[in-house]
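> Next up is a structure, given as structure tokens.
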Amino acid sequence: MERQLSQLVERLRNAYQDRLVSVILYGSGAGGDHHRRFSDVNVLCVLRQITPRELAESGPISRWWREQGNPAPLLLSAEEVRNSTDCFPIEFHDIHERRRVLYGEDVVAAIDIDDCFYRAEVEHELRAKLLRLRQKAAGVLADKELLRGLLLESVSTFCVLFRHALRLAGHEAPFGKREVIRQAQEKFGLDPSPFERLLEVREGQRKPRELDPEPLLEEYLKGVELVVAAVDRLNK
């Protein structure tokens, strides 16, 4: 990952030169719990401005980075970093709390995150991911391997959103996935079993075929729905 990040920074510097303000690694890659198979390498690229010129120059870099198995770098202007925290409080809290500056200025350090829509975004993301999970599960219920893979891919995202639900409710919000599940069990009454079994597979402690995905899906959906309901009950 370090070699890929160095290559990415070099390509960004060559493409944008003095228009490149900052390159920041955030998320699990910056926090020490990155999983090569299941985790993305998330990078924020801050430019002085973003016009069709910058978008065109980003094309080859984004294609190359996706070929390495990562999502394309997130492009924001310096002004957007300052002015869009109210729209993306989840993302900016994550970047602010776990980041590593790979190049340039630490533009995130001094930002004041506006939480006026924080609860609404957490509920929206939880509900949207729940709906998407149901849609995808409906299409793969006949294939245990695909259903199992769907659950394994989704658990990391729900752990992130559970952490923000805990944070919103005024509770400790650890970054470790297992710690998040334990806190959600204590504070929201979440059944940790389906989430812990999926994490055991991700961590190599359990073989995927040991999981029967159909009953696991039912327990898993109930857990997500419980956290959605908890967030919905928070002050609006």
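> Restricting attention to region 141-150, does a residue exist that is within 18 Å of the chain's Cα centre (by Cα) and either polar (S, T, N, Q) or farther than 30 Å from residue 49 by Cβ (or both)? Step through it out loud before you land on a result.
Kept after step one, since they are within 18 Å of the chain's Cα centre (by Cα), are these residues of region 141-150: 149-150.
Still in the running and either polar (S, T, N, Q) or farther than 30 Å from residue 49 by Cβ (or both): 149-150.
Yes, there is a match, as at least one residue in region 141-150 is within 18 Å of the chain's Cα centre (by Cα) and either polar (S, T, N, Q) or farther than 30 Å from residue 49 by Cβ (or both).
> Look at residue 175 and say whether it is assigned by TED's automatic domain parsing to the domain that holds residue 196, at pLDDT below 95, hydrophobic (A, V, I, L, M, F, W, C) and under 14 Å from the mean Cα position of the chain (by Cα).
Against the criterion (assigned by TED's automatic domain parsing to the domain that holds residue 196, at pLDDT below 95, hydrophobic (A, V, I, L, M, F, W, C) and under 14 Å from the mean Cα position of the chain (by Cα)), residue 175 qualifies.
> Here's something else I'd like to know. Could we say that residue 67 is within 25 Å of residue 173 (Cβ to Cβ) and not hydroxyl-bearing (Ser, Thr, Tyr) here?
So residue 67 does not fit the description; no.
> Same structure again: Check region 114-122 and report whether any residue there is at positive phi and surrounded by fewer than 18 Cβ atoms within 10 Å (Cβ to Cβ). Walk me through it before giving the result.
Filtering region 114-122 down to residues at positive phi leaves none.
No, because not a single residue in region 114-122 is at positive phi and surrounded by fewer than 18 Cβ atoms within 10 Å (Cβ to Cβ).
> Hey, among 117, 188, 158, which residue is more than 27 Å from residue 215 (Cα to Cα) and either in contact (Cβ under 8 Å) with a residue 12 or more places away in the chain or not small (Gly, Ala, Ser) (or both)?
Working: 188 fails: more than 27 Å from residue 215 (Cα to Cα); 158 fails: more than 27 Å from residue 215 (Cα to Cα).
So the residue among 117, 188, 158 that is more than 27 Å from residue 215 (Cα to Cα) and either in contact (Cβ under 8 Å) with a residue 12 or more places away in the chain or not small (Gly, Ala, Ser) (or both) is 117.
> Checking residue 212 against (1) surrounded by 14 or more Cβ atoms within 10 Å (Cβ to Cβ); (2) more than 20 Å from the chain's Cα centre (by Cα); (3) in contact (Cβ under 8 Å) with a residue 12 or more places away in the chain, only one condition comes out false. Which one?
Looking at each condition in turn, residue 212 falls short on (1).
> Just to be sure I understand, how many residues within region 98-133 are out of contact with any helix residue (DSSP H, G or I) (no Cβ under 7 Å at 6 or more places or on another chain), farther than 30 Å from residue 2 by Cβ and not acidic (Asp, Glu)?
Counting residues in region 98-133 that are out of contact with any helix residue (DSSP H, G or I) (no Cβ under 7 Å at 6 or more places or on another chain), farther than 30 Å from residue 2 by Cβ and not acidic (Asp, Glu) gives 6.
> Could you list, in sequence order, the residues of region 162-181 that are touching a residue at least 40 places away in the same chain (Cβ under 8 Å) and within 18 Å of residue 203 (Cα to Cα)?
175, 176, 177 - these are the residues of region 162-181 that are touching a residue at least 40 places away in the same chain (Cβ under 8 Å) and within 18 Å of residue 203 (Cα to Cα).
> Now for a different question. Can you find a residue in region 47-56 that is surrounded by 15 or more Cβ atoms within 10 Å (Cβ to Cβ), aliphatic (A, V, I, L, M) and modelled with pLDDT of 95 or more? First the steps, then the outcome.
Of the residues in region 47-56, the ones surrounded by 15 or more Cβ atoms within 10 Å (Cβ to Cβ) are 47, 50, 54.
Remaining after also requiring aliphatic (A, V, I, L, M): 47, 50.
Right, trim to modelled with pLDDT of 95 or more and you get 47, 50.
Yes, region 47-56 contains a residue that is surrounded by 15 or more Cβ atoms within 10 Å (Cβ to Cβ), aliphatic (A, V, I, L, M) and modelled with pLDDT of 95 or more.
> A follow-up question, please. Would you confirm, using the coordinates I've provided, whether residue 103 is in contact with a Pro (Cβ under 9 Å, 6 or more places away or on another chain) and hydroxyl-bearing (Ser, Thr, Tyr)? First the steps, then the outcome.
Values: in contact with a Pro (Cβ under 9 Å, 6 or more places away or on another chain): no; hydroxyl-bearing (Ser, Thr, Tyr): yes.
The answer is no for residue 103.
> Between 82, 100, which is assigned to a helix (DSSP H, G or I) and basic (Lys, Arg)? Don't jump to the end; show me each part of the working.
On the way: 100 fails: assigned to a helix (DSSP H, G or I).
Answer to the selection: 82.
> Given region 133-209, what helices (runs of 4 or more DSSP H) lie entirely inside it while holding 1 or more residues that are of a type in the set (S, T, N, Q) and crowded, with 19+ Cβ neighbours inside 10 Å? Break it down stepwise before answering.
Details: elements: 144-168, 177-188, 193-202.
Per the criteria, 144-168, 177-188.
The values are calculated or read from the model by the stated rules, or taken from the named source; none is laboratory data. Since the structure is predicted, the reported quantities are computational estimates derived from the model, not experimental observations. For neighbour counting, all protein chains shown are included, and Cβ atoms are generated from backbone atoms with ideal geometry for every residue, glycine included.
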